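S.K.: The structure follows.
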Amino acid sequence: MIPFGDIKRQYLSIKDELDKHLLNVLGSGMYILGDQVKQFENSFANYCGKKYGVGVNSGTDALILALKLCNVKPGDEVITVSFTAIPTISAIYAIDAKPVFVDIGDNYTMDTSQIENNITDKTKVILPVHLYGNASDMDPIVEIANKYNLKIIEDCAQSHGTMYKGNKVPISGLGCFSFYPSKNLGAFGDGGMIVTDDIELYEKLILMRNYGQKQRYYQVVEGINSRLDEIQAAILNLKLKYLDKWNSRRSEIAKMYFEGLKDNKDVVLPLDAENSDQVFHLFVIRHRDREGLMNYLTSKGVQTLIHYPIPNHLQEYYLKNFDRRFNLPKTEEYSKEILSLPMFPELTDEEVAEIIRFINAYSSLK
Ligand SMILES: Cc1ncc(COP(=O)(O)O)c(C=O)c1O
């Protein structure tokens with residue numbers, strides 16, 4: 001069987017080093033907001049080319065806190081994409097704000113030409129998502145945000161190391177990461193981080209993620225409990241050393257897919273094959289007979305997934321709770337055709353070759 005993902009393979013590849021490191025942390029007696037979290041906040045922010053990082057409990061919490069930090073209030077509007085993981089939008093719901101959905105372009109990120117038409121006096125934030133490891137086109141987003149005095153929050157949950165025009169994301173003021181185990185940089189549980197260059201935002205976030213306390217038992221701002229824990233931070237500190245190597249391996253695998261599938265007329269490959277600075281969190285193809293191909297691959301023991309089968313503006317929850325309807329042709333069409341192939345650094349060349357063989361064999365069956 002070729003699994004869609006296998007985080008145990010990654011654990012086994014660094015087991016000795018990681019076990020030793022974790023035992024040290026377990027023996028330290030410091031489990032919440034200690035040295036590991038501080039170190040990881042510094043080194044991950046530095047990795048992203050940002051000054052500050054605030055470790056939190058999940059990527060969803062990172063987005064919720066960032067929205068609160070941007071002063072988004074109930075009823076305010078956030079311009080984002082429907083073509084994203086549910087939590088991008090759950091974060092908006094969590095503060096009773098409203099998502100305003102725009103369509104996507106051919107690299108599955110925000111179609112920036114649709115932003116301006118959707119700005120109202122309720123709009124507070126533009127929230128692009130660097131989906132699958134692809135960077136959103138940030139220059140026009142920054143320009144529009146400046147013109148209308150809006151804030152930008154970048155959902156970087158799938159883009160650890162993604163570059164946009166030579167710089168790592170986030171490009172603007174606030175970037176929200178997830179360290180969910182299957183991410184390019186994943187913990188062994190939940191975790192997230194907000195990175196920024198803005199010291200005022202940083203100082204406020206440090207309080208907000210810890211009950212709003214300035215010091216123990218003295219509360220100065222609204223806050224929750226959303227702390228990255230020491231054990232997860234320790235794992236992430238160690239794994240960060242390998243992130244670039246793992247991302248390079250993802251690119252190698254992507255190259256094999258591109259090469260092996262380029263002559264297959266049934267398959268639409270991701271954009272920007274050669275010169276992309278994306279980090280291939282997922283390798284997503286499109287296929288008109290997506291269900292047929294998926295079933296065929298399953299019958300051959302190859303696991304695939306769909307990210308995501310139902311866009312957020314068509315989810316049951318949205319339809320029940322919001323009146324506004326959106327016309328998003330690409331989002332809807334692509335949702336029916338996308339298929340994510342196995343993509344993780346420990347996938348072997350032989351496994352990738354086998355997946356390619358099966359996909360091409362399926363095309364020649366017809
Ligand atoms: C695009 C995107 N945004 C947000 C999240 C939320 O992250 P978490 O699962 O850590 O809350 C995820 C992860 O699932 C994601 O893929």
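Computed from the coordinates by the stated procedures, all read-outs in this text should not be read as laboratory data. Note that this is a predicted model, so its numbers are computed, not measured. Neighbour counts run over all protein chains shown; Cβ positions are idealised from the backbone, glycine included.
S.K.: Per DSSP H run of at least 4 residues, take -39500 (n - 2.57); add these up for the chain, divide by its residues and hand me the 222 nm value, nearest 500 deg cm²/dmol.
M.R.: Result for the chain, helices only: -12500 deg cm²/dmol.
S.K.: As an exercise, take the mean of 1/r over every pair of distinct alpha carbons in segment 7-67, invert it, and state the Kirkwood radius in angstroms.
M.R.: That comes to 13.7 Å for segment 7-67.
S.K.: Which ordering of SER340, SER182 is given by a fewest-first count of other beta-carbon atoms within 10 Å?
M.R.: Ascending number of Cβ neighbours within 10 Å: SER182, SER340.
S.K.: Taking N as the number of residues in segment 7-240, what is its alpha-carbon radius of gyration divided by 2.2 N^0.38 Å?
M.R.: Cα Rg divided by the expected 2.2 N^0.38 Å: 1.01.
S.K.: Give the order of VAL302, VAL56 when sorted by the count of other beta carbons within 10 angstrom, beginning with the fewest.
M.R.: Ascending number of Cβ neighbours within 10 Å: VAL302, VAL56.
S.K.: Still on this model: Rounded, prolate or oblate, given the Cα gyration tensor of segment 243-365, with a/c below 1.5 counting as rounded?
M.R.: The shape class here is prolate.
S.K.: Near LYS165, which aspartates and glutamates are there with a Cα under 17 Å away, not counting those fewer than 8 places off in the same chain?
M.R.: The qualifying aspartates and glutamates are ASP137, ASP139, GLU143, GLU154, ASP272, GLU274, ASP277.
S.K.: When the Karplus curve 6.51 cos²θ - 1.76 cosθ + 1.60 is applied with θ = phi - 60°, which whole-Hz ³J(HN,Hα) does each residue of segment 65-71 get, with x for Gly and Pro?
M.R.: 5, 5, 5, 5, 5, 7, 6
S.K.: Need one number: nm distance between label points at GLU143 and LYS330, each 7 Å from Cα along Cα→Cβ, rounded to one decimal.
M.R.: It works out to 1.7 nm between the two label points.
S.K.: Less than 13 Å Cβ to Cβ from LEU26, Lys/Arg counted +1 and Asp/Glu -1: what total charge do the surrounding residues give?
M.R.: Value of the local net charge: -2.
S.K.: Would you mind counting up the charge near ILE79? Only other residues with Cβ under 15 Å from its Cβ, with Lys and Arg at +1 and Asp and Glu at -1.
M.R.: Value of the local net charge: -4.
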